[in-house]
Amino acid sequence: MRRFDSLFARLLLAQLGLVAALALVFGLLFYIERNVTVAVLYAERWAPHLAAAAGLAPPPPETLAVQQRDTAPPESRRTARNAPRFVALRQALAARDVPVDEVRLGTGRGEPMLWLQVVPPGRPATWLGVAGQVVVPAWSARTLLALLITSALVAGVSWRFTRRLTRPLEQLRERMQAHQPGQPAPAAAPAAASPEVAAIAAAYRDLLERLQQHERERAVLLAGVSHDLRSPLGRIRMAAELLPDTPETQARRASIVRNVQDADRLIESFLDHVRAGELPCDETVDLAAVARQVVSSFERPAVELSLDAPAALPRERANRLLVERLIANLVDNALKHGRPPVRVRVGGSAAQAWITVDDAGDGIPAEAVERLTDAFARGDGSRSRPGTGLGLAIVRQVATRLGGVLAFERDGSTHRVRVTLG
């Protein structure tokens, strides 16, 4: 997840952006009104002195330093003619019989000077300069401090409000992610949650309960059918074993036994698929020991099937039968659909272990991985080979139950299936 993709971050940024925009608008309005008011007040103070300096009125009793020039100082720059504070200053001076045509700000060192071009009626224009700090206001330390405190307060309140609003959603997501197959439905939403969050939690619980009911019915159906099929298969095999041991019956008996064994393996696959979603993961399993047992059960020479595993690799919150079926299905799939040599490797640590099965086959195309890991999916469209299409589906289901990830890789001429248990 990227930094600003969460609902919390978006709501927080939206609130801070709205507050910043409002503060900017109101601050700008306050700044303009403040400068206009200051300009009008100083126009009232300056008007008698400027009028006296321009020869339009007698000098007032109090004194004000006013500089006079025939031309604008070279270090001055033209101000924005339509700036609100200078418009208000010109209008206030004009109302007091001091006509000002142009305003410039001195850019020399020291205190800024405000140069006003006064144009008396019937007389040449003159430039009068007064201290201009009042119309070039600077941010004070108190203003900056107040701005920082207000910003921190707004950010804190926004963070608190947004966290309170989104926390129930995050808790609901955590409960959904923490839920494991076979466990009871998560608890209802906290009482402090909003009605919308409570409705989402209730809908999720209802959906999960219906899914669990469906899974229970499916498991009972598969287990029942598999169990009921094994009884007649056992009787068929027993009857085949009791056939007379003659050259005419040996081939037929071997064919019957072989087909019964194939059917029995198919039924075992159905049962494994059921167990993968039902068996609890509450044991500590030695992955290396299980791998050695599975590899030895195939009874293949080392040039066809080999194992590379540490002396022991314990894994908590696992199930021995599920780990056994995971490795057995990977090895069986490599022997059936790949090419020797097949190499099984187990490694990692108790916190993060991995199991890989390598073979020299062509592997699975990347675009077919998702389809072939679904239940009953077959890579052999003609179904010329016996099988149910449950091998990889069981592997993926068991990997998920054990908190792992199934991946298919290609390393040169080697096809690799990796299960990482995090």
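Taking amide H as placed 1.01 Å from N in the peptide plane, the amide H of residue 347 sits under 5 Å from that of 354, each at least 5 places away or on another chain. Counting neighbouring beta carbons within 10 Å and listing from fewest to most, the residues 267, 394, 149 come out as 149, 267, 394.
Give me the mean projected area, in nm² to one decimal, of the convex hull enclosing the Cα positions of segment 7-135.
Approximately 10.1 nm², given one-decimal rounding.
Is any residue of segment 285-301 close enough, with backbone N under 18 Å, to a label point placed 7 angstrom from the Cα of residue 350 along the Cα-Cβ axis, and if so, which? Hits in segment 285-301 for residue 350 at 18 Å: 285-290.
Taking the Cβ of each residue in 238, 113 as the centre, tally the other Cβ atoms inside 10 Å and list the residues starting with the fewest. Ranked by crowding around the Cβ, least crowded first: 238, 113.
Taking label points 7 Å from Cα along the Cα-to-Cβ direction, residue 152 and residue 44 give a separation of 3.9 nm. Taking other Cβ atoms within 10 Å as a rough exposure proxy, 400, 356 sort from fewest to most as 400, 356.
Where a number appears in this text, it was derived from the coordinates with a stated rule and is not lab data. Predicted model only: the values in this text are computed from it and were never measured. We place every Cβ from the backbone using ideal geometry, glycine too, and count neighbours over all the protein chains shown.
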